[in-house]
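Remarks on the structure that follows.
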């Protein structure tokens, strides 16, 4: 059941899961804002996968204009999966960060810049030493405008990376699928455990490659 693979299982192959939702404390450890919708009027939501969701979430919660963040599982088949199930590779889910943000205070462009420059988007089913389908690079959009801008940003970053000899970006960009909240212990993990593991790392000097 827990044999890892670098291939996503089909819906028929995936674990079935359960109807019971994961219980989660609905208060951000840092902002004290809700982790779950409904969010205040005007708040928009974007989801991203950048490898281990602990470090990915940390890279967003401190950005001005980000109202709340949460970690969870999306872009898979299993209903209400658990962390061990996702790590087994038998759910097709990715470890993702839900970003609730105020577009009047922070632009989607800024959020995408943090995404592309905060990890290595060329590694396929891994991120650094973290290997598995749950560590793939992904952008999960909740509006068509987000989707179009994410696709355009991918082309921009791919052009600069190609010029510098890097491989093709493997990031999946799709409209958002159901988001399942991860267990409480994972929410804002690196704020609760400052010395905790974080394997997140971008391409060294990527910001300079893009802007030179």
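What follows draws every value from the coordinates through simple rules; no lab data is involved. In this text, all values refer to a predicted model and were calculated from it rather than measured experimentally. Virtual Cβ from ideal backbone geometry, glycine too; neighbours counted across all protein chains shown.
Placing dummy labels 7 Å off each Cα toward the beta-carbon, the span from residue 145 to residue 184 is 3.7 nm. Each residue in 61, 54 was given a count of other beta-carbon atoms within 10 angstrom of its own, and listing them fewest first yields 61, 54.
Over the residues of the chain, the helix contribution to mean residue ellipticity at 222 nm works out to -7500 deg cm²/dmol, using -39500 (n - 2.57) for each DSSP H run of at least 4.
Put in line by how crowded their Cβ is, counting other Cβ atoms within 10 Å and starting with the fewest, 88, 62 read 62, 88.
Neighbour counts of other C-beta atoms within 10 Å: give me 203, 173, 139 arranged from fewest to most.
Starting with the residue having the fewest Cβ neighbours, the order is 173, 203, 139.
For a modelled paramagnetic label at residue 192, 7 Å from Cα along Cα-to-Cβ, the residues of segment 69-102 in reach, with backbone nitrogen under 12 Å, are 71. How many angstrom lie between the Cα centre of segment 132-149 and the Cα centre of segment 159-202? Spelled out, the Cα-based centre of one part sits 11 Å from the other.
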